[in-house]
Each structure stands twice: as C-alpha cells, then as structure tokens.
1. Between their Cα atoms, which of Lys333/Lys397; Lys814/Lys850; Lys333/Lys706; Lys693/Lys713; Lys333/Lys693; Lys617/Lys814 are more than 23 Å away from each other?
2. Identify, among Phe280, Leu257, Leu270, the residue whose Cα sits farthest towards the positive end of the charge dipole of segment 207-299, taking +1 on the Cβ of Lys and Arg and -1 on the Cβ of Asp and Glu, with the dipole about the Cα centre.
3. Expressed as a whole number of Å, what is the distance separating the alpha-carbon centroids of segment 455-469 and segment 215-231?
4. What is the extension gain from Ser209 to His463, computed as 0.36 nm multiplied by their sequence separation minus the C-alpha to C-alpha distance, in nm to one decimal?
5. What fraction of the Cα pairs in segment 171-256, stated in percent, has a spacing above 19 angstrom?
6. So what are the three principal axis dimensions of segment 379-497 from its Cα atoms, in whole Å, longest to shortest?
7. May I ask you to rank Glu467, Glu264 by accessible area, largest first, using a 1.4 Å probe over the protein chains only?
8. About the Cα centre of segment 318-395, how large is the charge dipole given +1 on each Lys and Arg Cβ and -1 on each Asp and Glu Cβ? Please answer in debye to the nearest 20.
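The values are calculated or read from the model by the stated rules, or taken from the named source; none is laboratory data. A quick note: this is a predicted structure, and the numbers were derived from the prediction, not measured. In this analysis, Cβ positions are derived from the backbone assuming ideal geometry, glycine residues included, and neighbour counts consider all displayed protein chains. These accessible areas exclude ligands, DNA and RNA; they are computed on the full protein's heavy atoms, side chains included. Shrake-Rupley method; radii C 1.70, N 1.55, O 1.52, S 1.80 Å.
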Amino acid sequence: MYQDIIPLYAADIHDQLKKQFAYLSGGRGENGCPVITFPDYPAFSEIPEKEFQNVLTYLTSIPSLRDARIGFILVIDRRQDKWTSVKASILRIAASFPGNLQLVLVLRPTGLFHRALSDIAFRFNKDEFKMKVPIIMLGSVSELQGYIDKTQLTEDLGGTLDYCHNRWLSRRTAIEGFAQKVKQTAQILQSFGTELAETELPNDVQSTSSLLATHTEKKDKMKEDIRLAVEQGDDILGSITKPVTENPEYKLNQDQLDNQTTVERLLAQLHETESAFDEFWIKHQQKLEQCLHLRNFEQNFREVKAALDIVSERLSAFTDVGNSCSHAEHILKDLANFEEKSCEIVAKARMLASEGDAFIQSNHYAVDSIIPKCSELHHLCDALATEMERRRNTLNKSLELHGLLEKTMRWCDEGIYLLASQPVDKCQSQDGAESALQEIEKFLDTGAGNKIELNKVYREYAHILNEDLKEHIEKVFQKQESMEEMFQKRQVSLKKLAAKQTRPVQPVAPRPEAFVKSPCTSPGLQRDCVSNTESGVLRKVNYRRGKSEMSELHQSRGGSTMDDEENLAVLRQHVMNELIETERAYVEELLCVLEGYAAEMDNPLMAHLISPELQNKKDILFGNMEEIYHFHNRIFLRELENYVEYPELVGRCFLDQMEDFQIYEKYCQNKPRSESLWRQFSDSVFFQECQRKLDHKLSLDSYLLKPVQRITKYQLLLKEMLKYSKNCEGAEDLQEALNSILGILKAVNDSMHQIAITGYDGNLNELGKLLMQGSFNVWTDHKKGHSKVKDLARFKPMQRHLFLHEKAVLFCKKREENGEGYEKAPSYSYKHSLNMAAVGITENVKGDAKKFEIWYNAREEVYIIQAPTPEVKATWVNEIRKVLTSQLQACREASQHRTLEHTQSLPLPASSCTSPSRNNIRNMKKMDERKADLTSLEGYVTTVAPKYPEKGKASPTSPDKKAKRHEVVSDPTPFGVRGWAKTSHSLDASEENDGWSSAEEPLNSSDAEEDGGGGGGGNEMKLTPGKYTVVTDYEKGVSEEFAVKGGDVVQLIREGEDGLWYVKNLTTGREGWIPANNLLMLIGNSKSAQSLSSSESGTASSTLSTSSSCSDSCNASSTSFSDIKG
C-alpha cells in the first residue's frame, strides 16, 4: 500500500513532523522490527487526517525495505488518557497505518477506573479494532520492557535510548537534502557532458579560444558545486559519527547506522560521478586545446606562407648583376640586408614546422591536415635558402667579373696616360726614344694579369651574362685593343727613332702655341655676333679646318707629336662619352621617378595606399623635378649629342643653356622639405608598392637626390675635359662654362643658407638676388645712443652672418641646429637689415687689413665688419661696390625720366610763384652733367678710411671744410623701392647690445650741422618747392579726399594764398592744398630737392655729389655712397 504513495521528504512536512504525535526513535524489536512510538498527545484526535497520513507514510518509508517487510512495532502511550480516547486512537491508527504491523503495544490509562474500564471494553470489543496483529494492553513500563529491550526504548518509556526529536528532524532534513544535491549534480554533469560531446569545433582561433574559455568556466563551476556537495556530505557524516568519535564505547542505533550508510553511499556516488566527469573533461579539454593549437597553427601557417611568398617574390627581383663593382657591391649589400631581414621570417617558418612536427608526434587528432603544411614549410625554407645562395654566388661572380673589367680599364687608362705623359721632345733623341720604349715594354709586361680574353670571359661567366654585360665587355675589350694598337704604333715610331742615326738630329720640341687656338678663327665664333645655331655650325667648320691644318703641322713635326694629340683626343672622347651616357641615364631615372612615383600619386587605383597626411603633397616631395626632366630631355641632352664628335667644344653647349640651370636652385631649396616629408612616410605601403612595380633596388629618396648629385657632377666632367683640351679651340668656353657651373653651385649653396633665415617679416624674394653670404665679426659705432652702450659696442664684437642682396644687406645670428640630413644645417635668426639705397662703404679700416665699414644715413649708423681673411673682405667690398654703382646709374636715369614727367604734368602756377618747371629743368641739366661725369669714372678710384675730426673741430662734411666724402644716393631699381623703412631692427634688445635704436637721443651739434645743412638749430624752417618724406599721418586737407600718411613722398609744387601749399602725393598720385603750418609738422627735417643744391654747387672739383632729388625720385633718403679720391 505504501508503494502507491508518493515519497515525501522531511523538508516537505517539517511542521507536521515537528508536532511529534508519532516518531521513529530508532529502537528495534526482537526480530529487528522498527519501533514507532505514539507518545501521549492530548490533541491527537484534532490532528488533520492529511497530516496524520503524511507523517505515518514518511515514518514507514525511512527504514530499509527489508526491515519494513518484517513489520513495525507500534508503542501507543495512553497512560494519561481516557479509555474513549484510547479506543479512538487505536481505531484511527489501525485505519490509517500504511505499513506492515508486527505488534501493537498499548500502555493503558493508569487511573483505576479507566484501567478497569479499558480491560472490560477491550475484552468485549476486540473485534472492532480490525487489526491483523495482536494488540497487547500493558499496564506499566515494566511490562513494555518485556516485549522490547530497555536499550531500544526512549527515556520517557523507561529505556536508555538516546533520542532527540529536533536533532532527528534536522539530520533527516540534511540527509535528504544531500541526497537531492547528489542527484541534481549527477544530472547536471550528465547534461553538461552531453553538451560538450555534441559541440562542433570552430574553424578560427578566436572562436575556439572563446569556446575553450566558456567550457572551462562551466567545468570550474561544476567542480565547485561538487566540492560543496562533498563538503556537505562530510559534515553530515561527521555529525552522525560524532558520538562515537567522542566516546568510542558509544554504539549507534540502527537508524543512525542506516543514516551513516546512506550518507557514505551518497558520497561514494558523488565521487564516482566526479571521477567520470573529470575523465571526460580531460579528453574534451585535450580536444579543444588541440583544436586551438590547430587553428593557431593554420593561422600562423597562412601568415608565414604569405611572408615567405613575399620574400621569394622580392628575392626573385634580385636579377640585376650590376653594371660596375660598386653597383655589384651595393646589390650584394642589399642582398645581405634583405637576407638578414628575411632570416626572421625563415626562422619563424622553421619554428612553425617544428611545432607542427611536435603535434604529429603527440597524436594530434588532425594529423592528416598538419603533415602537408609542415612539408610545404620545410620545402619553402629550403628553396629560399638555395635561391639566396644562388643569388649570392651570382653577384659574387658578377663582382669578380666587374673587378676584372675595371682592372683592365684602369690598365688601359694607365697605358693611355703613359703615352700622353711621355715628353715628345725627349723622344726625339735616341736615348729618349729607347727610354720611352723601355717604359712601354715594361708596362706591356704587366698586361698578363690585367688583360682580358674575350672567349675565356664568355665561357667562364656565361651564366651571369646579359646584353648589358656583353656590351660592356665588348667596350672594354675594344678599349684594350685600341690601347694595344696605340702602343704598337708608338713602339714602331720609337723604334725608328731609337735606330742608329747616320747624321746628327737636332731635337725640336713642338711649340705649345700651335695648339692654343685654331690658325684660322672665323668672326662667326664670336658668340655675341651670331645666333647659337650659326655659331655652332661655324665653329664646327672652323674646327674641321683647324684639325686639317693641325694635322698637316703634326705630319711635319713627326709621328710622335701626332700620337700625343691622338691620345688627348681619345681622352676627350672618353670624357664626352661618359658625359652623354650618364646624361641619358639621368634622364631615364628622372622619367622613371616621375612616372613610377609622382604620376601614381594621382592614380585613383593607388589612392587607398596613400595616407591622408601624404595626399596633395606631391609638389613638396618632388619639387620641380618635372621641370628639370623636360629641360634635360628636350633641350640639353639633344644639344650634347650634337657635340659628340667635337668634345672640346662642349663648353659652348653649357654656356648656351646656363640660364636654364637656374632651375636647380629651386629644387635644392625645396630639398629639406622633401627630405623631411620622406622621413615621415618612408615606410608607406604606397612607396613600397611603387618600388616593387619599378623593380628598384633603392628606395625613392636615393632617386630624389639624383638632381643634386647631377649638378655637382658637371663641374667634375668639365674639369676633366678642360684638362685634355687646354690647347684646343674650345678651351676658353670650357673654362667659362666651368666658372658658370661653379657659380650656380655657389648660388645653390647660398640659397640653402637663405632659406634657413628665421624671424624676417617680409618677403626675401623682394630683396633681389642673393649675391654673397658669410660669417663675420661686427662692431657697431652709432652716433645716436647712450654713451656707455656706444663704448661697449665699440669693443665687443658680435658674431653675425651677413646676406648681401641687390636691395639690402641682412644681419643674422647663426644658430646651430641638431637633426638629421638637411635638418642638421644651421638656422639664421634675423636681427636687422640695411637698405642698399642708403648704404655706404669704407674699404679700409686702419689697423686691420680684414676690416671694412658699412655705414648708413651719412654715418648715422656705422658697422665695422671683420672678414675671416683679406681675400674674403676684397670679394665682399668689390661686390658691394658693384651693387652701389649699378644703383647709382639706375637712379640717375630714373631721376631724369621723372623730372621730365613732372614738368609736363604740373598745374599752372600762380603768377607770384617761381616756376617749378624752370627749377626742374635746371636740375635735369645738372643731372646730365653729373651723369656724364660718372660715366667717365669707370672703375673709379678705391676709397680710403675716413678721417674723423678731432674734438671741438668741425665735422668733415661741414660747409667750411672741403668735402672729403662722395655723397651718392643709389637705388636697386630705376623706380625705387616703396615702403622701405630706414632700418629694420630686431626687438631682441637683450642680446649683445644690438637691439637699441639709433634714434633714441637727439643729434649733437656736429650731427645737426651735418644734417641740417649749416643753419642754426633754432631758426624756423623755410618751405621751398621740392620733394619731402612725410613723418606723420595727415587727413585734414582742404580737400576731403586728399590725405597723406607717414612714409609717403610728397612734392611741394607751389605756394598759394592764405598760407596754403599745393601738394602732390607721389605715393598715391593725388593732389590738394595743405596749410604751411601743417606742412612743417608733416615733413619735419626732411630735405627737399632744392635744399642741397647750393651746397652741391660749392663742392670742390675733386668731389662727386648728387642732389637729394635723385634720392627722392627713387623713394630713398640721401646717404653717402663711398669715400672716393678725385
């Protein structure tokens, strides 16, 4: 019957069991029957039937099935109850008990009446209980002990059995909870194992790694749950066996023993489940780890194989065997660097193959997939090593061949030089001829180790020969044959001379003058008289005629002289061939860079490889390389090829195109920016891809340096050509071309310094051409300024780097910079500048041959310059003199031109005013006279150091003394420079006393006398017609539209009524009336055109001066030019 009831757990009926109206004490009867006790419970009849049924069902389910089959012994304690209650209890128990009964023992009520009543009622109503087992009515506990041993009864029944209902209830709850935990754990482990077994292995590293991490996390959680369950079981088992542990003589009752057995069985089951799971997990984890290893291996294999393919592809690009020893060595070095870089990839590949072999040895589940990959890696590494060795051997063989060819070339050159160096006059004698013959024979003996045999070379180096190498070998062999032929001819000539002579021979050396110029020079050779094409044609005709005449002269002088000229011709042709061949190679390289790199930057298909920072930077990276390419390809190379048969005339080709070579200055100025940009993006994938497509061994920066290298190469080739053409017709042109190329190189070098100037606010290009630059010691000696500052400045030199332009000289401070490449060049911090229109020079300074003076505004500011050497000083002084002379001439012409313009454009004057036209005409006549005087002073006299006046004496320019200084105004352009300040000073006043202004303090008496023209300082200035410089702004003219600003040049035309002057603003071109009082404020101490005329007319005949009208017309103030002796 109990089998049909759903099993219950103590936790489910905890409150019902806690009422203790029935309990299983753990005692046993004689046959081991479990004893269920029904203690005296007053509210027994009030227990709900459901609760009563649940408790009995649970209690009968606890003992083992074997014990339950024997049957239960019920002990019903009703000693404190009434018979009616006893009867009801027995009937309820009999009706609801779910198990087998062995015996029912009832402790009847102890009261006399109820005891008698129960005996009689039980005897007569026995059949009403309907029980299949006997019901024994007991009167006392002693009678009970006759049926059940005292040790199996609890203390309330007079026994010694240790029983605590709360402890029993807690233990039953714990055991059943543990049993459920074990069951759930087993189910979870089984479900997890099924999940692991059914999981498909991923195909990539990330998914595999993630799956392994997830499964490991779940496994760890399962293990933690098992650990907690085992710990729980151990705790329960410990609580059961605790009495025995504390008292070894204590014996557990049967229920306790059953509980111990149950817990031990559950623990064993849990350990068994854990062991099975661990075994399964090890296999699953191993498979996952092998899968992860496989995916890593496959990914690394793909990466390594791609890298090996790239290495193999780049290695296959090393097909060039070089065109010289240095080239072959460079390729070998590149190959060694490439091998060094590829070693890492090859080592990684071999390591990956070893890793795969280890997987195979460890019985990896994917052995069939790993074996082919390992084999392929081993094969690729071996193939690379073999190919690398083959390339190295090929290049070594090429290096050996080029070494042999260069050795032969050097031998041939030495032979040619030997022939060229043998003095012809000494060879005319028998002893001289024999000595020269011995030299030749001795040299030829060295040919055994220097000559090449064509067939042997072809046979020995057949595997590396290409068309270029074969052509090079042929050229070397031809040169060797030509040299040997020359030696044979020389030997024949010398042997004739060395033969015994029957009559004395007077040796006569050829006159060098015969080779200086062609005997017949046509007027057509003068480059200034005919066009370039006609000049070239005439020059070639004259050259042929000259060659024919010279050949006749050579024949008359003997075979030795002719051989000497032939040797020089061979050398000239050799230089010419090198010039043209390298020019063609240069043009091809430029085209290659422009098409392979520059054009690709505009290719949409390559746009994804260019980083955003590099886009639109093509002009910075390549500069004007395209302009250089077009010049060389379309013009210069074609012109050079016209001179291939006339190498000694090639200087004319350079001179005709010399202006075009100025484009290199622009390229070199951009080179620092280009190099800086290249360093930022040299690792760009775009450049690597372009280099791969072009099959270049060198990166782009090597090709960007080609124009710089080429412009410096020309002067070397011209020097070589000049060396072998000193007695030829074109020697002068070659020398001039060489000087011009060197000048361009100097200009390029100067421009590289110029672009390093920092802190200059204006545009350096507006200063005109940069003529000179260099470092100097500079002292200042200004009239204005504090006396202590002047004394300090006089003794303390400043290190300054000067830049001489056509329109200004700049003073800068050199600052060394740290960096790489072009960034390592110094920079120049701008300090101040002087307008060349207001500059004068004193060539010699007493006491030092390296010093000269640059002074400004009539010696208001004096700069004493000390050059490193007297030669540098002379160069600078000459260059400054040229600038000032050219400015003076331009100023004269501009002044005359503007005087005529103003004469024609003046408004009609008032009748009371002096005609300005008449004054201007008079000034123009003076200009013509002075211009005539100036042009007669070509290469005018050198200046001397100025003599400073003693203290208390008049100024050198005082009217009462004879003038010793030429006051000349100059301007670099005919129309002057607008907007030039007197001088531009740096604001760095704290550095070396060069920041204070020369206008800080008023002029002393001698200065005022010099500047003021001799008048007293307190006299009111009288306005006269002429030109003035405005010193302050004015916007309140009579006409609202007429206004002037500080720095404008105005012309006072005529004086009107009411103290007004009619004024023309030469800067803006507008005209209007201004009050005389305002004019005095506007022009200050500015000098007019007429204010110096009287002093000029009074100067001695030995002094050259000009009026300030020249200066005004050129928009510059009047300053001295130089100290010149009459």
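1. Lys693/Lys713; Lys617/Lys814
2. Phe280
3. 78 Å
4. Once the chain is fully extended between Ser209 and His463, it gains 86.1 nm.
5. That fraction is 57 percent.
6. For segment 379-497, the Cα spread along each principal axis is 75, 19, 18 Å.
7. Ranked from most to least accessible, the order is Glu467, Glu264.
8. Details: 8 positive and 13 negative charges, 13 e Å.
Dipole size: approximately 60 debye.
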